[in-house]
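Data first, discussion second: the structure below is written as structure tokens.
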Amino acid sequence: MNKIIHNMKKCLAVFALLLFSYSIQAQDKKAKNLLDQVTAKIKTYENIVIDFKYTLNNSKENINQESKGNVTMKGNLFVLNLMGVTKLFDGKKTYTINPEDEEINITKFNEKDESSITPSKMLTFFNSGYKYVWDILQDVKGRKIQYIKLIPINAKDARKEILLGIDNQTKNIYNVIEVGKNGTKTILTVNSFKTNQPLSKNQFTFEASKYPKYYINKLD
């Protein structure tokens, strides 16, 4: 369970880059111009629904995991489904729903807790601590993907670099590649990027009545 939660936190952090990379302070004008175009589109969306593939690989440790997931975001609210677990944030509390264990963990959102990641916090999550540069252009199944490389300034950061792949035509993010100093590589690839979708009024509301047999654990 802890491993799944850790992966979900990493996945949310990746979405911080995927959706809100434009908030990083500019150190490369060409990269900034491209990210500004991404910004212009994202700011017009009422909500965003993404289906994605998430992979984690470390050849030295013989780790190779792949899973599919989806996330729905609207303002400060989100629902993330990954590895069979659902993580819901209603603006005040985070609900982690694990069907396998029939358990639900509920935590209050703490603005000062660095591990508490929400879409609104993502707006400033990467405001400092990185330099970024214009990188390679790749042809991926007929799509021109332009990469921007982010390099952590802090030498103690476990990450070596992060690559943002941007579709030159649509100006949407295609993938995010995070490379760790220990050889671990995580890749989030967008399979479907939809916006302004008709959402249920209870889309971001936790309803305990749906889980009558679950153990509800209020952690704070």
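Report, to the nearest whole %, how much of the accessible area of the range 144-189 belongs to carbon and sulfur atoms, 1.4 Å probe, protein only.
Roughly 50 percent of what the probe reaches on the range 144-189 is carbon or sulfur.
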Local electrostatic count at residue 194 - Lys and Arg +1, Asp and Glu -1, tallied over other residues with Cβ under 14 Å: 0
Going highest first, how would you order 203-213, 149-159, 186-196, 165-175 by mean Cβ packing within 10 Å? 165-175, 186-196, 149-159, 203-213
Among 43/68; 131/171; 108/213; 93/156; 108/201; 68/141, which pairs are too far apart, with a Cα-Cα distance over 29 Å? 93/156
How big is Rg to Rh over the range 41-116, alpha-carbon atoms, Rh as the Kirkwood inverse-mean-distance radius? 1.04
For the range 29-112, the per residue accessible area (1.4 Å probe, Å²) is 55 Å²
Apply the a/c threshold of 1.5 to the C-alpha gyration tensor of the range 123-220 and tell me whether it is rounded, prolate or oblate. oblate
Total charge of the residues flanking residue 51 in space, meaning their Cβ is under 10 Å from its Cβ, with Lys and Arg +1 and Asp and Glu -1, is +3
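Would you mind classifying the range 142-181 by shape? Square roots of the alpha carbon gyration tensor eigenvalues, ordered a ≥ b ≥ c; an a/c under 1.5 is rounded, otherwise it is prolate if a/b is larger than b/c and oblate if not.
Here the range 142-181 falls in the prolate category.
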Taking a ≥ b ≥ c as the square roots of the eigenvalues of the Cα gyration tensor, with a/c under 1.5 meaning rounded and otherwise prolate when a/b exceeds b/c and oblate if not, the range 67-106 is oblate
Contour minus end-to-end for residue 200 and residue 30, with contour as 0.36 nm per residue of separation and end-to-end as the Cα-Cα distance? 57.2 nm
Work out how much length residue 207 to residue 55 would gain on full extension: take 0.36 nm times their residue separation and subtract the Cα-Cα distance, in nm to one decimal. 51.6 nm
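The values are calculated or read from the model by the stated rules, or taken from the named source; none is laboratory data. All values derive from a computational prediction rather than experimental measurement. We place every Cβ from the backbone using ideal geometry, glycine too, and count neighbours over all the protein chains shown. These area figures cover heavy atoms from the full protein model, side chains too; ligands, DNA and RNA do not enter into them. Shrake-Rupley method; radii C 1.70, N 1.55, O 1.52, S 1.80 Å.
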